[in-house]
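> Quick one: the structure is below, and I'll ask about it shortly.
The values are calculated or read from the model by the stated rules, or taken from the named source; none is laboratory data. The structure presented is a predicted model; accordingly, all values stated were derived computationally and were not measured. All Cβ positions, even for glycine, are placed from backbone atoms using ideal geometry, and neighbour counts span all protein chains on display. Please note that ligands, DNA and RNA were not included when accessible areas were found on the heavy atoms of the full protein model with its side chains. Shrake-Rupley method; radii C 1.70, N 1.55, O 1.52, S 1.80 Å.
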Amino acid sequence: MNSPFILLNYKTYAQGTGKGAVEIAKACKAVSEESGIKIAVAPQLPDIYRVASEVELPVFSQHLDGIGAGSFTGHVFGKCIKEAGAVGTLINHSERRLTLAEIEASLKAAKEFGLRSVICTNNVPTTAAAAALGPDYVAIEPPELIGSGIPVSKADPEVVSGSVEAVAKINPDVKVLCGAGISKGEDLRAALDLGSVGVLLASGIVKARDPKAALEELVSLI
Ligand SMILES: O=C[C@H](O)COP(=O)(O)O
C-alpha cells in the first residue's frame, strides 16, 4: 500500500500562527520521518514562506485565486505562493467557498504554476463535479462535522465510500481525501478502509496540547 497522505490545515488557529506554524510543522516532520507517512501542512498565507524556509516539509496554501499577474489587489497569485515555497493548494475549502467558475479558474492557476490541487467538497454530487475538473485530490468534508470532534469516517462513512465510488467512475486519476472531525488513529484507519488515500484535518492536531503526541497517536494504527 502507498503511504497515506495527511494534510494538516492550520486554518487561523492561534496555535498555528507565526512561530507556532513552524513548531507544528517541525512536529509533523518528525512524525513523518518516524512513521514513513506523508504529512503536509497548510499554514496561513503569510506563514507559507516562513514554514517552507525553516522546515523541510510539503507546504500547501489554504486558498488560491484564479487570477494572473496584474491588477488584482488582495488576491492570492499562484506564482507568489509557489515562490514562497508552497507545493500545493486547497481550493474551495468549506470556510472559503468559491463558485464553480472560480474553482475551475483556481485549478487552472494551480496547474499553471505546478501546484498540487486539493478541491474540497461537501457531499457526493459535489465530489463528482470536482473530480470532473481533474484536480490531484478531492477532499470530502461534510461541513456539519468540521471542528466537531465527530469523525466523518465513523459518523458518515457512506459519504466517504460514495465519494470514492463516484470519483472512480468519473476520473480514476483523482485521489480522495476525507476530513471533518478526524483526530484519532482509529479515524484515520477507518478513512483508509473506506477507500480514501488520506485525510484533511485541523483542530484535533493544531489545538492539541501536544501536537506531536496527537500526530503520533493519529498514525499509530497504520
Ligand atoms: O481543513 C480541515 C477540515 O475543515 C477539518 O477540520 P477539523 O479536523 O477541525 O474537523
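> So SER106 fits all but one of (1) polar (S, T, N, Q); (2) assigned to a loop (DSSP other than H, G, I, E, B); (3) surrounded by 16 or more Cβ atoms within 10 Å (Cβ to Cβ); what number is the exception?
(2)
> Here's a follow-up. Scan region 36-46 and give yes if some residue there is buried (at least 22 other Cβ atoms within 10 Å of the Cβ) and over 14 Å from the mean Cα position of the chain (by Cα), otherwise no.
The answer is no; no qualifying residue exists.
> Given the criteria closer than 19 Å to LYS11 by Cβ and at pLDDT 95 or above, does ILE146 qualify? Please lay out each step first, then the result.
On the way: closer than 19 Å to LYS11 by Cβ: yes; at pLDDT 95 or above: yes.
When the stated conditions are applied, ILE146 passes them.
> I need a count of the residues in region 198-222 that are open to solvent by 50 Å² or more (accessible area, probe 1.4 Å), more than 11 Å from the ligand (Cβ to nearest atom) and either at positive phi or modelled with pLDDT of 95 or more (or both).
Qualifying residue count for the region: 7.
> Consider region 87-106. How many of its residues are within 22 Å of ILE39 (Cα to Cα) and more than 16 Å from the ligand (Cβ to nearest atom)?
Number of matching residues: 1.
> Let me confirm something: among SER153, SER183, which residue is of a type in the set (Gly, Ala, Ser) and part of a helix (DSSP H, G or I)?
Details: SER183 fails: part of a helix (DSSP H, G or I).
Exactly one of SER153, SER183 is of a type in the set (Gly, Ala, Ser) and part of a helix (DSSP H, G or I), namely SER153.
> Here's something else I'd like to know. Among the residues of region 141-191, count how many are away from the ligand (no atom under 11 Å from the Cβ), among the polar types (S, T, N, Q) and buried (at least 20 other Cβ atoms within 10 Å of the Cβ).
Final tally of qualifying residues: 2.
> Select, from GLY179, GLY195, GLY204, the only residue that is under 28 Å from GLU33 (Cβ atoms) and under 13 Å from the mean Cα position of the chain (by Cα).
Residue meeting the stated conditions: GLY179.
> Then there is this: Select from region 77-93 the residues that are open to solvent by less than 20 Å² (accessible area, probe 1.4 Å) and either free of Cβ contacts under 8 Å to residues at least 12 places away in the same chain or under 16 Å from THR12 (Cβ atoms) (or both) and list them in ascending order.
LEU90, HIS93
> Please give the number of the condition PHE60 fails out of (1) away from the ligand (no atom under 15 Å from the Cβ); (2) touching a Lys or Arg at 6+ places or on another chain (Cβ under 9 Å); (3) touching a residue at least 40 places away in the same chain (Cβ under 8 Å).
(1)
> Quick check: is even one residue across region 47-54 modelled with pLDDT of 95 or more, open to solvent by 20 Å² or more (accessible area, probe 1.4 Å) and part of a loop (DSSP other than H, G, I, E, B)? Reasoning before the result, please.
The initial filter retains those residues of region 47-54 that are modelled with pLDDT of 95 or more, namely 47-54.
Subset that is open to solvent by 20 Å² or more (accessible area, probe 1.4 Å): 49-50, 52-54.
Then drop every residue that is not part of a loop (DSSP other than H, G, I, E, B), which leaves none.
Scanning region 47-54, I find no residue that is modelled with pLDDT of 95 or more, open to solvent by 20 Å² or more (accessible area, probe 1.4 Å) and part of a loop (DSSP other than H, G, I, E, B), so the answer is no.
> A further question on this structure: Which one is surrounded by the fewest Cβ atoms within 10 Å (Cβ to Cβ) among residues in region 109-140 that are hydrophobic (A, V, I, L, M, F, W, C) and in a loop (DSSP other than H, G, I, E, B)? Lay out the reasoning, then the answer.
Here is the first cut: in region 109-140, the ones hydrophobic (A, V, I, L, M, F, W, C) are 109-110, 113, 115, 118-120, 124, 128-133, 138-140.
Now narrow it down to the ones that are in a loop (DSSP other than H, G, I, E, B): 113, 115.
Numbers: PHE113: 17, LEU115: 24.
Taking the candidates together, the pick is PHE113.
> Conditions: (1) modelled with pLDDT under 95; (2) in contact with a Phe, Trp or Tyr (Cβ under 9 Å, 6 or more places away or on another chain). LYS82 meets all but one. Number of the miss?
With respect to (1) modelled with pLDDT under 95; (2) in contact with a Phe, Trp or Tyr (Cβ under 9 Å, 6 or more places away or on another chain), LYS82 is out only on (1).
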